[in-house]
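Report on the structure given below.
The values are calculated or read from the model by the stated rules, or taken from the named source; none is laboratory data. All of these numbers come straight from a predicted model, not from anything done at the bench. Cβ placement follows ideal geometry from the backbone for every residue including glycine, while neighbour counts extend to all protein chains displayed. Note: areas computed on protein heavy atoms with side chains; ligands, DNA, RNA excluded. Shrake-Rupley method; radii C 1.70, N 1.55, O 1.52, S 1.80 Å.
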Amino acid sequence: EAGVTQSPTHLIKTRGQQATLRCSPISGHTSVYWYQQALGLGLQFLLWYDEGEERNRGNFPPRFSGRQFPNYSSELNVNALELEDSALYLCASSSPYNSPLHFGNGTRLTVT
Amino acid sequence: AQTVTQSQPEMSVQEAETVTLSCTYDTSESDYYLFWYKQPPSRQMILVIRQEAYKQQNATENRFSVNFQKAAKSFSLKISDSQLGDAAMYFCAYRFPSNTGKLIFGQGTTLQVKP
């Protein structure tokens, strides 16, 4: 069984640009979660999608957004990038929603 | 608000020995889930063990076991017969009982295993 896959592995952007991160959940999983792991701040909950709908979001500004596609894959978009957006972005999936989360290897976003 | 605290930023253990990682949490809920995740240098978060708060019995997964003290809001992880492959950052996490899809993570403990 393939695990959660994320792309790209690394992403380098300039301040003010937009970044798009992608995630494919484990087959059969309908819930996708996004977390930000910034140095010194631990893992912070960003977004939760289930069955194509945004179900919950963490305490992040609106320039962090995303969507879930009919095949349950997901995209995280970060607009107007700031230096402090540099972090490891982890995607996880689960099904049903209250089962343990399975994480991908993350996308390392660097904003210069 | 729910919080998770890991008071040990770094721990070390000799190979084949036992080590205990500490975690405390704060919640007003009576039913919830607790997890320990491991993050090796590969970056992938790997589920080590889970505990449902309504279960009094401590969870065990091979060399990994927990000491769940609900009244004290404590959830420690014991690793027996430590192996070099256990070296990683370990995160304690709390999951709300309601349908929020949200995990609250502690700050993590870096475990070093010495040969």
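Normalised per residue, the accessible area of the protein assembly as shown is 47 Å², obtained with a 1.4 Å probe and no contribution from ligands, DNA or RNA.
Considering only Cα atoms, the convex hull volume of the stretch B:3-114 works out to 94 Å³ per residue. Loop-located chymotrypsin sites (Phe, Trp or Tyr not before Pro) across the stretch B:49-115 with a Cβ neighbour count of 12 or fewer within 10 Å are B:54, with loop assigned by DSSP. Here the accessible area is traced with a 1.4 Å probe on the protein chains. For the protein assembly as shown, carbon and sulfur cover 46 percent of it.
For the stretch A:2-44, backbone nitrogen atoms closer than 13 Å to the point 7 Å from residue A:71 Cα along Cα-to-C-beta are found at A:5, A:23-28.
Among residues other than residue B:13 with Cβ under 13 Å from its Cβ, the summed charge is -2 (Lys and Arg +1, Asp and Glu -1).
Please tell me the relative contact order of the stretch B:3-114 in percent, rounded to the nearest whole number, where contacts are Cα pairs under 8 Å and at least six residues apart.
For the stretch B:3-114, the relative contact order is 38 percent.
Distance between the 7 Å Cα→Cβ label points at residue A:39 and residue B:74: 3.5 nm. Please report how many Lys pairs in chain B have alpha carbons closer than 26 angstrom, counting only residues at least 8 apart along the chain or sitting on separate chains. Lysine pairs meeting the criterion: 15. Cβ under 9 Å from residue B:35's Cβ, residue B:35 left aside: what net charge do those residues give with Lys, Arg +1 and Asp, Glu -1? Counting the neighbours of residue B:35, the net charge comes to +2.
Computed from point charges on the beta carbon alone (+1 for Lys and Arg, -1 for Asp and Glu), the dipole magnitude for chain A about its Cα centre is near 280 Debye.
Given +1 at the Cβ of Lys and Arg, -1 at the Cβ of Asp and Glu and no other charges, the dipole of the stretch B:1-72 around its Cα centre is 160 debye to the nearest 20.
Legend: Rg and Dmax of chain A, from Cα coordinates, 13.1, 39 Å.
If you add up the charges near residue B:79, with Lys and Arg at +1 and Asp and Glu at -1, over every other residue whose beta carbon is less than 12 angstrom from its beta carbon, what do you get? List each step's numbers first, then the result.
Numbers: positive: B:38, B:63, B:78; negative: B:15, B:17, B:61, B:81, B:86.
Result for the neighbourhood of residue B:79: -2.
Using heavy atoms of the protein chains and a probe of 1.4 Å, the accessible area assigned to residue B:89 is about 60 Å².
The Cα atoms of the protein assembly as shown cover 48, 38, 36 Å along the three principal axes, with the biggest extent listed first.
I'd like the interface area for chains A and B: accessible area of each alone minus the complex, both sides summed, 1.4 Å probe, protein heavy atoms only. What is it in Å² to the nearest 100?
Working: alone 6080 and 6580 Å², together 10780 Å².
In total, this chain pair buries about 1900 Å².
Residues of the stretch B:44-82 that bury at least 50 Å² of accessible area once all protein chains are present, compared with their chain alone (1.4 Å probe, heavy atoms only, ligands and nucleic acids left out), are B:44, B:45.
Just how large is the dipole of the protein assembly as shown about the Cα centre, in debye to the nearest 20, putting +1 at every Lys and Arg Cβ and -1 at every Asp and Glu Cβ?
220 debye
Phi angles of the stretch B:38-53 translate, via the Karplus equation with coefficients 6.51, -1.76, 1.60 and θ = phi - 60°, into HN-Hα couplings of 10, 10, x, x, 5, 5, 6, 7, 10, 5, 9, 6, 10, 9, 8, 5 Hz per residue; Gly and Pro are given as x.
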